[in-house]
Amino acid sequence: MTINGIYRTICILVCASLWIRAFAFDPEEAHRLYAERYSQTPPSVQECGEYLFVIVEGAVAEDRHGDNAKQVLNAQLAALERHIGSGLFGYVSPFGDKLTKRLPAKGGFCVPSCQVVTVEETRNTKRFREVSAYEAGPINVERERIRQRLPSRRSVMAWAEDIRALLAKSPTEEMRERLFAEAGLVVPLLLGPGHSIACHDLRVDGVAVENLFRQWGDQAQRHDVSECEMALGVLPSFSPAHRCLAEVSEGEGRLVHAVDGWMNAAVAGEVDEAAFGSLLVKLSGSFGSDAWREWFQLWRDCRKCDILVSALGKDYVGIKNSVTRSLGRARFMSMDDEQSKELFAEAKFLFMQGKDLPRIVELLERSLARNPGNRDAWRLYGDALRTDKRWAAAVLAYHEALAFDAEDGDAICGAARCYEELGLTKLAASAGWWALLSSNDEKVQNRSILVLKKVHPDAFL
């Protein structure tokens, strides 16, 4: 072969390579490639460089909307599955056995997202042909797993859709709570306004508080639920009443509510760690998720963490003059404080500029001391602490933000990053799943998928 011939061959190969790579993103190149190679090919899978091309056809009007569109997709998946092989050997599940058994068993192969191009359309016969381009790499890996009769993997979104389907079939709060508990979704279960102590009214009747402490201290008998509720009406952070409610809930088998009671009891700094730890171990065994054990580890470690403590004012008589803010248990109402707003605005500006991290942290702490009900300030405080690699303190700050809005996707993803850095992989997955299920923001979803793939590298496509 002459030098010119070799040169022409190399050019052809390079052009062909670029042509193939461009297919999934350039409709004109897709049309050209289809016309040259696949125009006479029946619906099938064709390997072409870095992509698998799945060719399907259908009616122009009917098959592009509603259920018919699903049939076209199913035809693509069926062709792709024939190419890959049978995937009936179980899944590498990111969940525990109990939840995995509840999810629908699917023999079909769940594929990652793809690029679709209409390459041929005939109006008279009302037919069209579409080519979907899938990245060949992960699918070929899955093909090899199936050949070796190993458990197959699915996409993150495929698992998420199954969880959503189960949620749709869970009409009662109790059923949803059990599903979350089995999935290890600790974050939505234990954070949010419904699960934190409301500390917006700082003017407490000091005499009533003194009488409350005296009455509960003098009585050795067990208090009932109504007495606990009356006590909390006098002092929302009264630890003995929360502990009593926790013990009642545990005795009735309502384990998640018992966890909530113990954590509220910890706000005042009074909690039996051994009893609380035993409850979390029991809950892990009951629901098949180790995320609950990790939550106890996090709770115990974070109680020692140095984070902003807000003064409650002089109206409290005979009790501590501060609340131990532990994992988002104390929720304050936002106050209209101009100086707090100015401090927050300056901190936000500096953070956006990437300047003076110690100054940013100081400004946010001063702002939150004046207005601890500013959710955005708590989230930014978490971002600043995470940037400073103060993972445990950042977790607490994010949890404070989530005490106001348990579906704050940015705060959830920030907390997930911190869980991961602290080695709490089950909790990181818990936050990732919750962000994915609760947020429609594409950026939040992409961040949560990255967390899930990092925590479960072998489970997903």
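A short reminder: the numbers here are calculations on the coordinates, not readings from a lab. Just so you know, these numbers come straight off a predicted model, no measurement behind them. In this analysis, Cβ positions are derived from the backbone assuming ideal geometry, glycine residues included, and neighbour counts consider all displayed protein chains.
Using the count of nearby Cβ atoms within 10 Å as a rough guide to exposure, how do Phe180, Phe296 rank from fewest to most?
Working: Phe180 25, Phe296 20.
Lowest count first: Phe296, Phe180.
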How would Tyr398, Tyr419, Tyr91 line up from fewest to most surrounding beta-carbon atoms within 10 angstrom? Tyr91, Tyr419, Tyr398
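Can you tell me how much longer the chain between Phe349 and Ala369 gets when fully stretched, taken as 0.36 nm per residue apart minus their C-alpha distance, in nm with one decimal?
Numbers: separation 20, 0.36 × 20 = 7.20 nm, distance 1.93 nm.
My answer for the length gained is 5.3 nm.
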Proximal aspartates and glutamates relative to Lys355, as straight alpha-carbon distance under 16 Å, when same-chain residues fewer than 8 apart are discounted: Glu346, Asp383, Asp388
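With r as the distance between the Cβ atoms of Arg149 and Gln115 and R0 = 30 Å, compute the FRET efficiency 1/(1 + (r/R0)^6) and round to 0.05.
On the way: r = 31 Å, r/R0 = 1.04.
Here the calculated transfer efficiency is 0.45.
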